[in-house]
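No lab work stands behind these numbers, since they all come straight from the coordinates. Not measured: the values here are computed from a predicted model. Note: ideal-geometry Cβ built from the backbone for every residue, glycine included; neighbour counts use all protein chains shown.
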Amino acid sequence: MIERPPKLPKLRNDVYEAELLRLQAELVELQEWVKATGARIVIVFEGRDAAGKGGAIKRITEYLNPRVAQIVALPAPTERERTQWYFQRYIAHLPAAGEIRLFDRSWYNRGGVERVMGYCTPDEHQRFLRQCPTFERALIEDGIILRKYWFSVSDRQQQKRFRSRLTDPMRRWKLSPTDLESLTRWEAYSRAKDEMFVHTDIPEARWNVVEAEDKKRARLNMIAHLLSSIPYEHVPHLEIVLPERPPSTGYQRTARSLQHEVPDYAATLTRKAVEPAYVDPED
């Protein structure tokens, strides 16, 4: 029997937008603390397909410096990478001092999709479950702040989101054959996730489960938890004074007729019928 998540009242959009903006301002404070102290943060995003991982990552990074906070979304391993130690290709993407890395899927592929779809052998899967806690403890012992989030969504909600993507031109690209096959292997994924949690939900790096039936609630809950779990502090900003512009030395700008300028497409919009704004059907 599948346990259904509790049905919660819909979050008002104005409340969501206001609180999201407040949390995003706090994320900027966190970023400045990371830069000032040389902290290293790794955030792992895992969960069901269409559970809202990408949307959460997008809101987290919206106002952050891309040189500080970078998203790691690795493709399938190459033939050479398949011959390496499994964790090796992820190590290259770990943060240096003053950096944040957000893993949109991670080394936990082996505990989920690779296990269910047969992309790894049973021996490789068991080796992963044994080595993963040791790997993560090594990261933490070296000073990395590691946070792991599992976005949980019901089978009905996942199917609803998949169905909406079939007709949504902005999201159709997100549907892959593996995504579609996951619908027919729901219980296999559930068993793989349960086994993965048993071995990798360690005291030093706990799994934090985000209830994601409502994507907006999930984003707020996840970001608020992340901020509350890291002891960052406000970093005073240096006062910035804009210098006075020096007097002209006689420079004359090159004539516009000699430049290849981009046409003013925006001017044509006043003469066109305005298309209705895109509304995300999953929000």
Other-chain or far-sequence residues with amide H under 5 Å of PHE151's (modelled H): GLU46, GLY47, ARG48, VAL210
Which of LYS35/LYS160; LYS35/LYS193; LYS10/LYS58 have a Cα-Cα distance over 31 Å? LYS35/LYS160; LYS35/LYS193
Considering amide H positions built from the backbone, and no H for Pro or chain starts, which residues 5 or more places from GLU99, or on another chain, come under 5 Å of its amide H? ILE41
Descending principal axes extents, segment 62-148, alpha-carbon based, whole Å: 41, 27, 22
State the label only: which of [x] 74, 50, 45; [y] 44, 41, 38; [z] 65, 63, 36 corresponds to Cα extents along the principal axes in Å computed from the shown model? [x]
Kirkwood calc, segment 171-283, C-alpha pairs only, radius in angstrom 22.5
Isotropic mean projected area of the C-alpha convex hull, segment 1-156 (nm²): 11.6
For ASN65 and LEU242, FRET efficiency with R0 = 30 Å and r from the beta-carbon atoms, rounded to 0.05? 0.90
Please name which of GLY98, PRO236, VAL28 has its Cα lying farthest along the dipole of the chain towards the positive end, using unit charges on Cβ (Lys, Arg +1; Asp, Glu -1) and the Cα centre as origin. VAL28
Sort 220-229, 160-169 by the packing proxy (mean of other Cβ within 10 Å over each peptide's residues), most packed first. 220-229, 160-169
Relative contact order, percent, the chain [alpha-carbon distance under 8 Å, six or more residues apart]: 27
In segment 202-283, what trypsin sites (Lys or Arg not before Pro) fall in a loop by DSSP, with at most 14 other Cβ atoms inside 10 Å? ARG206, ARG253, LYS272
Using a/c under 1.5 as the rounded threshold, could you call segment 124-215 rounded, prolate or oblate? The axes a ≥ b ≥ c are square roots of the C-alpha gyration tensor eigenvalues, and prolate needs a/b larger than b/c, oblate otherwise. prolate
